[in-house]
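*Asks:* The structure that follows is given in the form of C-alpha cells.
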Amino acid sequence: VGLPFVNGNDPNLKFAVMIPSGILAMTSGAFTRVPFSDISKQVQAGLAKDLGEAISNVYLKPTPDQVWKKLATVFTLTVIKGAPFGAFQCLIYELLKDKTPALLESINFPIALEPFLWGGCAGFCTGYLTNPPDVILTRMAVEVDQGDADEAFNLGSILARL
C-alpha cells in the first residue's frame with residue numbers, strides 16, 4: 001500500500017485502524033440512540049411502569065431546558081460507554097477472524113457461518129466487559145432525574161462523578 005511513512009502490509013496496523021473505527025462507529029450512532037435509551041432506562045430503573053409513562057417522564061413533564069440538559073447528559077454518558085464498547089467489539093472480532101479459521105475448519109464448521117460466530121462471540125465478550133460500567137452509567141443517568149433539574153448542563157460534573 002502506498003502510504004507515506006506507513007507500512008501498509010503491517011498486520012498490527014489493522015488494529016491501530018480498527019479500534020478507532022469501532023469507537024467512531026459506536027459514537028456516531030449515539031445521536032439516534034440517546035432519545036430512546038433514556039426512555040428504556042426509565043422503565044429499567046422502575047421510574048415508569050410502561051412506555052407511555054416513560055415518554056411522559058422524559059419529554060412531556062420536564063421543561064424544554066430540562067429535556068435538553070437530560071439529553072446532553074445521557075449523550076455524554078452514552079459516548080463514554082460506547083467508545084470502549086466499539087473498540088472491544090472490533091478488536092475481539094478481528095482477533096477471532098485472524099486466529100480461529102484453521103480451528104473452525106478442522107472441526108468442519110461451515111465457512112459461511114464463521115462471521116456470525118465471530119460476531120456473536122465478540123458481542124458477548126464485549127457485553128460482558130462493558131456491563132459493569134453500563135450499570136454505573138445507567139444509575140448516573142437516572143440520578144439526573146432526581147437531582148437539581150434547573151442546574152445547567154456541566155460536562156465537568158458528569159466526568160467528576162465517574
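The values are calculated or read from the model by the stated rules, or taken from the named source; none is laboratory data. Since the structure is predicted, the reported quantities are computational estimates derived from the model, not experimental observations. For neighbour counting, all protein chains shown are included, and Cβ atoms are generated from backbone atoms with ideal geometry for every residue, glycine included.
*Asks:* Quick one: which helices (runs of 4 or more DSSP H) sit completely within the range 42-108 and have at least 1 residues that are out of contact with any Pro (no Cβ under 7 Å at 6 or more places or on another chain), at pLDDT below 85 and more than 16 Å from F31 (Cβ to Cβ)? Walk me through how you get there before you give the answer.
*Replies:* Working: elements: 51-55, 64-99, 101-106.
Fully inside the range 42-108 and qualifying: 64-99.
*Asks:* Do we have T126 as crowded, with 17+ Cβ neighbours inside 10 Å and at pLDDT 80 or above here? Steps first, answer last, please.
*Replies:* Values: crowded, with 17+ Cβ neighbours inside 10 Å: yes; at pLDDT 80 or above: yes.
Against the criterion (crowded, with 17+ Cβ neighbours inside 10 Å and at pLDDT 80 or above), T126 qualifies.
*Asks:* Please identify the pairs in which a residue from the range 50-67 that is within 16 Å of S40 (Cα to Cα) has its Cβ atom under 6 Å from the Cβ atom of a residue that is part of a helix (DSSP H, G or I) and of a type in the set (D, E), counting only partners at least 6 apart or on another chain.
*Replies:* Filtered contacts from the range 50-67: V58/D38.
*Asks:* Hey, any hits in the range 30-47 for a residue that's buried (at least 16 other Cβ atoms within 10 Å of the Cβ), closer than 20 Å to N131 by Cβ, small (G, A, S) and in contact with a Phe, Trp or Tyr (Cβ under 8 Å, 6 or more places away or on another chain)?
*Replies:* Yes; the residues of the range 30-47 include at least one that is buried (at least 16 other Cβ atoms within 10 Å of the Cβ), closer than 20 Å to N131 by Cβ, small (G, A, S) and in contact with a Phe, Trp or Tyr (Cβ under 8 Å, 6 or more places away or on another chain).
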